[in-house]
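The values are calculated or read from the model by the stated rules, or taken from the named source; none is laboratory data. Quantities reported herein were computed from a predicted structural model and do not represent experimental measurements. Methodologically, a virtual Cβ is constructed for each residue, glycine included, from the backbone with ideal geometry; neighbour enumeration extends over all protein chains shown. These area figures cover heavy atoms from the full protein model, side chains too; ligands, DNA and RNA do not enter into them. Shrake-Rupley method; radii C 1.70, N 1.55, O 1.52, S 1.80 Å.
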Amino acid sequence: MLDLISQKKHDENRQGEAFAPEAVDVQQFSKKFYIESYGCAMNFSDSEVVASILHEGGFGATRNFEEADLILVNTCSIREKAEQTVRQRLTELRKAKQRNPGTLIGVLGCMAERLKGKLLEEEKLVDLVVGPDAYRTLPGLIAEAETGQKAVNVLLSREETYADIAPVRLNTDGIAAFVSIMRGCNNMCSFCVVPFTRGRERSRDAASIVNECRQLSDNGYKEVTLLGQNVDSYYWVDEKNDTIVTFAQLLEMVALINPDLRVRFSTSHPKDITDDVLHTIAKYENICNYIHLPVQSGSTRVLQLMNRTYTREWYIAKVDRIRSIIPDCGISSDIIAGFCTETEEEHQETMSLMEYSQYDMSYMFFYSERPGTLAARRYEDDIPEEVKKRRLDEIVKLQNRLSHESNQRDMGKTFKVLIDGDSKKSANDWKGRTSQNKTIVFPKGSHDVNKGDYVMVKVTDCTVATLLGEIV
Ligand code: 5AD
Ligand code: SF4
């Protein structure tokens, strides 16, 4: 599943954020739209495609929903809580409609796909429902909704990749950008709703990906994150040149654009990540030494129920392989506590696998049954909520210790850091990230460096979540 470059952008429970470009001249557009995104990086990336389509349709972005003619919420269905948060928000946003009845409210993304017309027809929460593969039809749907018709398009596609659409970068720091390389997922993990909400897997034209990355680099961006639910199964047949592009080759093509452009990617599936990919990471200094390798569970029996198609031993062998080919690689994970029938011993197996893997960071959840998934149909959600929460709590505590230990191992080492802005706490400090995706904070001092620059920073101290250091 999708993860991300920065902890903030990666947080599946992340609250919605209003996104608008800093410098759009709204004057040139006759109408204004406001968009809020929830969930994974793919949603944030999709909102940038939506912004581009809306620009073409005569809408400029605003950060203030009160002045918008069109309010859009790009939603997540991954866990029940994500959907609850969105419902609450939609109820709040409807108040804008009381003040200005002409305002249209639309729901995009996974909840639109999962619930289809329900939010519009039964709950009357929205005027517009648009699934992840239907964004090109937004201008037509808006026109329909303006005349009071029901505007719903939740058709999934086997081809749509929005390859030709140049995303409008929203809320950007001008340094790091997401680039979608594929859509959908064919994996059918039994707990996961994504294959139903985002449809079949399809890869985007390699040339369009490289062009988008090159343009970002030409515009001063220093980091791209290639996004897909399962990047290792990226596969593009270039019919013109009669060649095939694998994920390892795509990584290399993007790395060669500019040695100063950092390349990240997300998410890898343990069953699919190849030695080719690992060797490509090792070969290019600008491909970051960081792999998000979700394990989900440390028990082979539970992994089988989850339909992850690997065993505990297979996963351990992958971690060993990563460490042998890329010795200083950061590894992070996604973990689900309390999946159907999980025993206390199996929970302990998850914890021992976390110890073995020495994750630098993890995204940890308790199991939330999703309607329509294989698990919901086949297995009873039989672990009591308090047991799920206690197991999750143990997993979180263990991860905190592992993260702290990982940071302590970095003390005294020097890293190449890309500065991404002022530290949250003090304008006297910079904040940046190492290749391994760790956040590091260090005093600006009298050094003549800026946001977007690379600097060498020596680690002098750390907390659980952050390295502290000084420029050397
Ligand atoms: N319950 C809990 N966590 C889930 N995830 C996906 N589906 C569920 C679910 N039904 C987690 C997985 C995935 C991450 C993005 O979200 O760990 O990798
Ligand atoms: Fe990720 Fe599995 Fe869901 Fe696909 S089905 S999105 S691989 S968790």
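Points to keep in mind about this one:
- Checking Cβ-Cβ separations below 4.7 Å across the chain identifies C40, C76, C110, C185, C213, C288, C329, C340, C462 as cysteines lacking any candidate disulfide partner.
- Taking label positions 7 Å along the Cα-Cβ direction at both L256 and S352, the computed distance is 4.6 nm, reported to one decimal.
- Long-range HN-HN contacts of R370 with modeled amide H, under 5 Å: A376
- Added length on full extension, which subtracts the Cα-Cα distance from 0.36 nm per residue, T274 to Q149: 40.0 nm
- Förster-model FRET efficiency, 45 Å R0, K116 and D429, C-beta, rounded to 0.05: 0.40
- Put a plus charge on the Cβ of each Lys and Arg, a minus charge on the Cβ of each Asp and Glu, and nothing anywhere else: the dipole of the stretch 176-406 about its Cα centre is then about 420 debye.
- Enclosing the Cα atoms of the chain in their convex hull gives a volume equal to 150 cubic angstrom per residue.
- Per-residue HN-Hα couplings for the stretch 253-269 [Karplus 6.51, -1.76, 1.60; θ = phi - 60°; Hz; x = Gly/Pro]: 4, 6, 4, 6, 4, 6, x, 8, 9, 6, 10, 10, 7, 6, 10, 9, 9
- Charge dipole of the chain about the Cα centre (unit charges at C-beta), most positive-ward option of W314, T434, N187: T434
- What the stretch 414-471 shows is 48 Å² of accessible area per residue, with the surface traced by a 1.4 Å probe over protein heavy atoms.
- Built amide H within the under 5 Å cut-off of V295, gap 5+: D334
- Whole-number percent relative contact order across the chain, with pairs defined as alpha carbons under 8 Å at least 6 apart: 11 percent
- What the phi angles of the stretch 45-59 give under the Karplus curve with 6.51, -1.76 and 1.60, with θ = phi - 60°, is a coupling list of 5, 4, 4, 6, 5, 4, 4, 5, 5, 6, 4, 4, x, x, 9 Hz, glycine and proline written as x.
- Note on the stretch 7-153: Cα-only Rg and Dmax are 13.9, 42 Å.
- Taken as Cα centroids, the stretch 264-334 and the stretch 402-436 sit 23 Å apart, rounded to the nearest whole angstrom.
- The stretch 282-316 residues near the modelled T343 label - backbone nitrogen below 18 Å, point 7 Å along Cα→Cβ: 297-306, 312-313
- Assuming charge only on the beta carbon of Lys and Arg (+1) and of Asp and Glu (-1), the dipole of the stretch 131-191 about its Cα centre is about 120 debye to the nearest 20.
- Protection proxy ranking, highest mean first, for peptides 419-430, 292-303, 253-264: 292-303, 253-264, 419-430, where packing is the per-residue count of other beta-carbon atoms within 10 Å, averaged.
- The calculated 222 nm mean residue ellipticity attributable to helices in the chain amounts to -10000 deg cm²/dmol, summing -39500 (n - 2.57) over DSSP H runs of n ≥ 4 and dividing by all residues.
- Top positive-direction residue, dipole computed over the stretch 208-252 with Cβ charges, set N241, N211, V224: V224
- Potential extension, Q408-K451 segment - 0.36 nm per residue separation minus Cα distance: 12.9 nm
- Estimated FRET transfer efficiency (R377, S30; beta-carbon r; R0 41 Å; 0.05): 0.30
- Under 17 Å from the R99 label point (7 Å along Cα→beta-carbon), backbone N, the stretch 48-73: 62-72
- Here the chain carries DSSP beta bridges of which approximately 40% are antiparallel, counting only pairs with both residues inside.
- Residues in the stretch 176-406 average 38 Å² of solvent-accessible surface per residue, probe 1.4 Å, ligands and nucleic acids excluded.
- Nearest-20 debye value, the chain charge dipole, Cβ charges on Lys, Arg, Asp, Glu: 540 debye
- Here the Karplus curve 6.51 cos²θ - 1.76 cosθ + 1.60, taken at θ = phi - 60°, turns the phi angles of the stretch 379-386 into couplings of 10, 7, 7, 9, 8, x, 4, 5 Hz, with x standing for Gly and Pro.
- Amide N of the stretch 89-132 lying under 18 Å from the label point, which is placed 7 angstrom from the Cα of E66 along Cα→Cβ: 92-104
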